[in-house]
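Step one of this worksheet: look at the structure below.
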Amino acid sequence: LDACLHIVVGDARRGVERLTHLHRKAEEMKDPGRVAVALSMLGSGGGEARLYEDASTALAESVRHGLAHDEDYAVAYSRSWQARIAHEQGRWDDAVKHAEDVARTSTHTEGIAHLTAMSALGRVRVRRGDPGGASLLEELATSGLQHELQHVWNAICGRAEFHWLRDRPDAGLDLLRPAYEQALDTDSEWARGELGFWMW
């Protein structure tokens, strides 16, 4: 937990180093459960902190590990973060592929893996001008309010971006403003930064 906190609210590089060490120890102990947790935290935490190279390596390994140990949810969650990172890096075809893999193979359509993957898919559709992006983000941004801010802010920002691209930025404020105010009460610079950007 301490290593995860470092990634998100402290020294992200130190957090990655600690989680990498924990991953190696879990491998040495032949403990697949701890291996899965370490890889998942490296992937999602590293992705949130924009340490894309570390995150992508961990997520690819997490998918391999999950498939080998029949851990379906771990695979879905890792693929969802692969989708989010690919979207943020402008690798839109990869983002769509990973998101569709989650939709095709996971039955957890209300969990955070689905929310993360579909948010990436919705944002790619909006940026490309593909159909269905706005309605998908609208659905995710409202239904996702039952989850913690870290899991729903991507959809809320995507919804705000959709309205901004159509020259009506105030249309996204109904969900954006409360999410931003909530972010101000957290320690996440990443949530404050992205939500703050769209508020601006």
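Take segment 151-160 and flag every residue that is touching a Ser or Thr at 6+ places or on another chain (Cβ under 7 Å) and open to solvent by less than 10 Å² (accessible area, probe 1.4 Å).
Matches in segment 151-160: Asn154, Ala155, Gly158.
Checking the condition open to solvent by less than 20 Å² (accessible area, probe 1.4 Å), closer than 16 Å to Gly45 by Cα and not β-branched (Val, Ile, Thr), which residue from Ala83, Ala95 passes? Before you say what the answer is, go through the steps one by one.
Values: Ala95 fails: closer than 16 Å to Gly45 by Cα.
That would be Ala83, the only listed residue that is open to solvent by less than 20 Å² (accessible area, probe 1.4 Å), closer than 16 Å to Gly45 by Cα and not β-branched (Val, Ile, Thr).
Condition check ((1) at pLDDT 95 or above; (2) farther than 21 Å from Leu121 by Cβ; (3) touching an Asp or Glu at 6+ places or on another chain (Cβ under 8 Å)) across all residues:
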residue	(1), (2), (3)
Gln146	no, no, no
His151	no, no, no
Arg159	yes, no, yes
Trp164	yes, no, no
Tyr180	yes, yes, no
Thr186	no, yes, no
Report summary line: Among residues of segment 17-76 being within 19 Å of Ala99 (Cβ to Cβ) and among the hydroxyl-bearing types (Ser, Thr, Tyr), the residue surrounded by the most Cβ atoms within 10 Å (Cβ to Cβ) is Ser62
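Conditions (1) outside any helix (DSSP H, G or I); (2) within 13 Å of Ala141 (Cβ to Cβ), marked per residue:
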site: Ala155; (1), (2): no, yes
site: Glu161; (1), (2): no, yes
site: Asp170; (1), (2): no, no
site: Leu175; (1), (2): no, yes
site: Glu181; (1), (2): no, no
site: Thr186; (1), (2): yes, no
site: Trp190; (1), (2): no, no
site: Gly193; (1), (2): no, no
Query raised in the report: Which one of Glu181, Glu148 is over 17 Å from Thr116 (Cα atoms), among the acidic types (Asp, Glu) and either open to solvent by 60 Å² or more (accessible area, probe 1.4 Å) or in contact with a strand residue (DSSP E or B) (Cβ under 9 Å, 6 or more places away or on another chain) (or both)?
Result: Glu181
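Please state which one of Gly47, Gly15, Gly66 is under 23 Å from Gly193 (Cβ atoms) and at pLDDT 90 or above.
On the way: Gly15 fails: at pLDDT 90 or above; Gly66 fails: under 23 Å from Gly193 (Cβ atoms).
Among Gly47, Gly15, Gly66, only Gly47 is under 23 Å from Gly193 (Cβ atoms) and at pLDDT 90 or above.
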Query raised in the report: Is there a residue in segment 90-98 that is closer than 18 Å to Arg50 by Cβ, out of contact with any Cys (no Cβ under 6 Å at 6 or more places or on another chain), of a type in the set (D, E, K, R) and assigned to a loop (DSSP other than H, G, I, E, B)?
Result: yes
Report summary line: Matching residues in segment 184-197 (open to solvent by 90 Å² or more (accessible area, probe 1.4 Å) and of a type in the set (D, E, K, R)) number 3
Report summary line: Within segment 114-139, restricting to residues that are surrounded by 24 or more Cβ atoms within 10 Å (Cβ to Cβ) and among the polar types (S, T, N, Q), the one that is nearest to Asp72 (Cα to Cα) is Thr116
Requested in this report: Among the residues of segment 164-178, count how many are more than 20 Å from the chain's Cα centre (by Cα) and buried (at least 18 other Cβ atoms within 10 Å of the Cβ).
Outcome: 1
Query raised in the report: If you check Thr107, Thr142, which single one turns out to be of a type outside the set (Asp, Glu), outside any helix (DSSP H, G or I), open to solvent by 30 Å² or more (accessible area, probe 1.4 Å) and modelled with pLDDT under 95?
Result: Thr107
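The values are calculated or read from the model by the stated rules, or taken from the named source; none is laboratory data. Everything quoted here is computed from the prediction, not taken from an experiment. Counting neighbours? That spans all protein chains shown, and the Cβs are built from the backbone with ideal geometry, glycine included. Surface accessibility is based on the protein's heavy atoms, side chains included, excluding ligands, DNA and RNA. Shrake-Rupley method; radii C 1.70, N 1.55, O 1.52, S 1.80 Å.
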